[in-house]
1. Report yes if some residue within region 24-37 is buried (at least 18 other Cβ atoms within 10 Å of the Cβ), modelled with pLDDT of 95 or more and not assigned by TED's automatic domain parsing to the domain that holds residue 289; otherwise report no.
2. Of (1) surrounded by fewer than 18 Cβ atoms within 10 Å (Cβ to Cβ); (2) more than 17 Å from the chain's Cα centre (by Cα); (3) in contact (Cβ under 8 Å) with a residue 12 or more places away in the chain, residue 193 satisfies all except one. Which?
3. Give the number of residues within region 262-293 that are under 26 Å from residue 44 (Cα atoms) and surrounded by 14 or more Cβ atoms within 10 Å (Cβ to Cβ).
4. Take the residues of region 211-236 that are free of Cβ contacts under 8 Å to residues at least 40 places away in the same chain and in contact with a helix residue (DSSP H, G or I) (Cβ under 8 Å, 6 or more places away or on another chain): which is nearest to residue 288 (Cα to Cα)?
5. Considering only residues that are without any contact (Cβ under 8 Å) to a residue 60 or more places away in the chain, under 19 Å from residue 147 (Cβ atoms) and in contact with a strand residue (DSSP E or B) (Cβ under 9 Å, 6 or more places away or on another chain), which ones fall in region 246-262?
6. Across region 141-189, what is the number of residues that are assigned to a loop (DSSP other than H, G, I, E, B) and closer than 23 Å to residue 109 by Cα?
7. If I ask for residues that are under 30 Å from residue 263 (Cβ atoms) and surrounded by fewer than 16 Cβ atoms within 10 Å (Cβ to Cβ), which ones from region 165-190 would you list?
8. For residue 158, are the conditions met, namely being within 14 Å of the ligand (Cβ to nearest atom) and either free of Cβ contacts under 8 Å to residues at least 24 places away in the same chain or over 18 Å from the mean Cα position of the chain (by Cα) (or both)?
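The values are calculated or read from the model by the stated rules, or taken from the named source; none is laboratory data. Worth saying up front: this structure is predicted, and the values here are computed from it rather than measured. Ideal geometry is used to build each Cβ from the backbone, glycine not excepted, and the neighbour counts take in all protein chains shown.
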Ligand SMILES: Cc1cc2nc3c(=O)[nH]c(=O)nc-3n(C[C@H](O)[C@H](O)[C@H](O)COP(=O)(O)O)c2cc1C
């Protein structure tokens, strides 16, 4: 590749980045990808944008897992396959588990980046084992620290004010993946052990919309944003206004993305409030509401 070609690629990529409103990947990384001409497929699930932001650092066209799940045939073959999704109490969202269980993946290098907000616990090991049980062998699994969107424990205004060193950690992970490093991330258990995590996971995996959510009817303007961002189509407009029911991902996309802050969380743990701050909501600054809708809409 001569200098002119290189500058052309940089220019196109910078223009695309500005138009898409996302943080630029390093030019070196882009040039490396194009030069190697490798086919990389990246799948993601997101509720508040962290995982989509990360997925975009690895691919210009990451594929949404809720959208891929609509396809009748899910067989994917590439030089590199990547997954990006959040950590839910040391496990991976149900919808990602379902995708990996149903689809077939063929690639000599498979990597996963798990976004988390506070303590990654043993999610890398959990995911490595789960994926293996479905025939998917990860070469690389690494968590990356970002804003914690878990409303029962965290105030989003406080979370957004913390510098979590995400860019630096992501740059390291991009390098690792580019170099096809083999690695499974280390656990960081804090006050948790596997028994407590199992209880939390069981609660998450059996959650229903009715048990999790409470509506403030005076705030709801039935814009149906909740319906558009829900990966399970749990919302509808009834004769009395907004209605919700069904198995819930516990992803909190509906609560965080509601423009009216009309949805809040009921308390699901004895002695704990439903939420730390019902007036504070989060979406990654480089991810739009339309991005979340396009990712999750059913
Ligand atoms: C149900 C639930 C459980 C979570 N559990 C954890 C956890 O155990 N440890 C942690 O550090 N973050 C946890 N989080 C925070 C998310 O993993 C984190 O904010 C993630 O980056 C959100 O990704 P998204 O913006 O792509 O949806 C949890 C979030 C939710 C909604």
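1. Within region 24-37, none of the residues are buried (at least 18 other Cβ atoms within 10 Å of the Cβ), modelled with pLDDT of 95 or more and not assigned by TED's automatic domain parsing to the domain that holds residue 289.
2. Here residue 193 clears every test but (3).
3. 15
4. 226
5. 254
6. 7
7. The one that is under 30 Å from residue 263 (Cβ atoms) and surrounded by fewer than 16 Cβ atoms within 10 Å (Cβ to Cβ): 190.
8. Values: within 14 Å of the ligand (Cβ to nearest atom): yes; either free of Cβ contacts under 8 Å to residues at least 24 places away in the same chain or over 18 Å from the mean Cα position of the chain (by Cα) (or both): yes.
Judged against the criteria, residue 158 is a match.
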